[in-house]
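No lab work stands behind these numbers, since they all come straight from the coordinates. Predicted, not measured: the structure shown is a model, and the values here were computed from it.
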Amino acid sequence: MSSLWIVWIIVQEYGYALTTASKLQPTAEEGCDRASVNRTIAHDDPHEPRLPLAAKPQYIDYKLHYGLRYNPPPLQAPVRNVSQERERKKLLLSAGQLGAHVEPLAPPLLTVFHIISFVNGPCVSRRQPDDGIAWAGVCYNEQECIILHGMPMDSCAGGFGVCCVFRFGCDGRTEQNVSYFHSPHYPAAATDSLSCGFTLLLQRTVRQVLLEFVFFELQPPQLGNCVEDQFIVSVQNDQRPHYPVLCGINTGQHMYLDIDRAYSHSLYLSTVFNSKQPRAFLVKITQLTTIRAPAGCLQFHEGVSGVLKSFNYDNGSVLVTNRKASYFNNLNYAICIRRHKMFCNVVITNTDAANGRENTFQLVNIAKDGSSLVPPDQAGIEVFSCPDDFIAIDFVRLCGERLNDGSLVTDASINQPVTYGSAGPIVIAVRTDQATVGRGFNLAYMQLVCTVQTHSRDHQVVDLLP
């Protein structure tokens, strides 16, 4: 019985269609009636003027009349919309007037934000938060900034991009050219005992890394050693013995780290807080593709004038209440100054550039019996007075409680400017041992222009101004 039903359905589905299709084929006897059939199908409107029968094409919608499945004819090319083309040209013109790069083959349905592209160059946020710091970033599209774990802090590229700042707290990790590492809850103080780390993936072309301590207030050292708080710098497989472990007040200080990509692939910054005392820090980290500081210089000053200051010299702070200004034990680093063209000598004084007052100068050396090798309020010179803790200016060791190399004034109880007159790189060495420490140094330097004096008609000599 079921087979009969199937046969009946097939006949109903296809038999009617075949019968109808056969009727549409005119036979010889029906040739005389073909015109009448065409006239009936072609008739549309009695009021419409009739065209000759041969002018109207014959078309029968088989799907509409008979329910048959068929493939539709291929689509014709779309007619060009003149109004849309004009609007597109206006959009491209307005984008070009903004100075942006416009992609020539952008789809017409894209918005102006998809069409305009810009260079991912450096930028500085003008909208400073409560800390008042001008944050440096990179100009990105806002979505790109979020994907790269950055923070949009201002607009750039004429408002089409955002100044993306890469700032990280504990367990941060990035490979950006410019990034920031800060303490938990910055700019608020961190009061918990914890360890915090940051990893910088070094780029292939990087030659140096610059650390700038934008804000740095940790607990002070104890007898020259960072015990309660520690800020540790280490470079993977670096050949340098070690970088100074920092604590105390170091806002405004900086470090240059030499990078050899054959050995160094990552830079690690870590902090250890061993108490519940308040502290906070913000360090700006910049990867440099060209060498800026001479090799081996931990600190480098490029100005004609500036300040040379030991670590943890300052005695004022914003967050830390327990202050002990002193340098650290086991220091061995170099401070370098860029020598400008037509400048010869460098004069170094123990004065404050802001108010002209004399600063405290104190580098302590102790004899075996525990007494100071340099009398109180006196300047110490060379190896007999300064065997362990000293600052070397023009290859002369200086220590004690006064800055005076004895070249101009023999009275060791007064501060006297010291002149660096040797040719070549300007390098000032800093060295301490692991025993007693003092306040340190805060010196101002000034480069002097070379002068030429005529001593005879036949020759001229260069006179180095003292």
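Scanning residues 5 or more positions from residue 378 or on other chains, those with amide H under 5 Å from its amide H are 401, 402, with H placed 1.01 Å from N in the peptide plane.
Give me the number: length gained by fully extending residue 177 to residue 330, i.e. 0.36 nm times residue separation minus the C-alpha to C-alpha distance, one decimal in nm. Numbers along the way, then the final one.
On the way: separation 153, 0.36 × 153 = 55.08 nm, distance 3.15 nm.
Computed gain between residue 177 and residue 330 is 51.9 nm.
Applied to region 332-348, the Karplus parametrisation 6.51 cos²θ - 1.76 cosθ + 1.60 on θ = phi - 60° returns per-residue 3J(HN,Hα) values of 7, 8, 10, 9, 10, 10, 6, 8, 7, 5, 6, 10, 10, 8, 10, 9, 10 Hz, with x for Gly and Pro. A simple rule links phi to the HN-Hα coupling: the Karplus curve 6.51 cos²θ - 1.76 cosθ + 1.60 with θ = phi - 60°, which for region 355-366 gives 10, x, 7, 6, 8, 6, 10, 7, 10, 9, 10, 10 Hz, with x for Gly and Pro. Less than 5 angstrom separates the built amide H of residue 393 from those of 398, all sequence-distant by 5 or more or on a different chain.
Amide H contacts of residue 172: 197, 199, each under 5 Å away and 5 or more positions distant or on a separate chain (H built 1.01 Å from N in the peptide plane; Pro and chain starts excluded).
Rounded to whole numbers, the Karplus 3J(HN,Hα) couplings from phi for region 411-417 are 6, 7, 8, 10, 7, 9, x Hz, using 6.51 cos²θ - 1.76 cosθ + 1.60 with θ = phi - 60°, and x at Gly and Pro.
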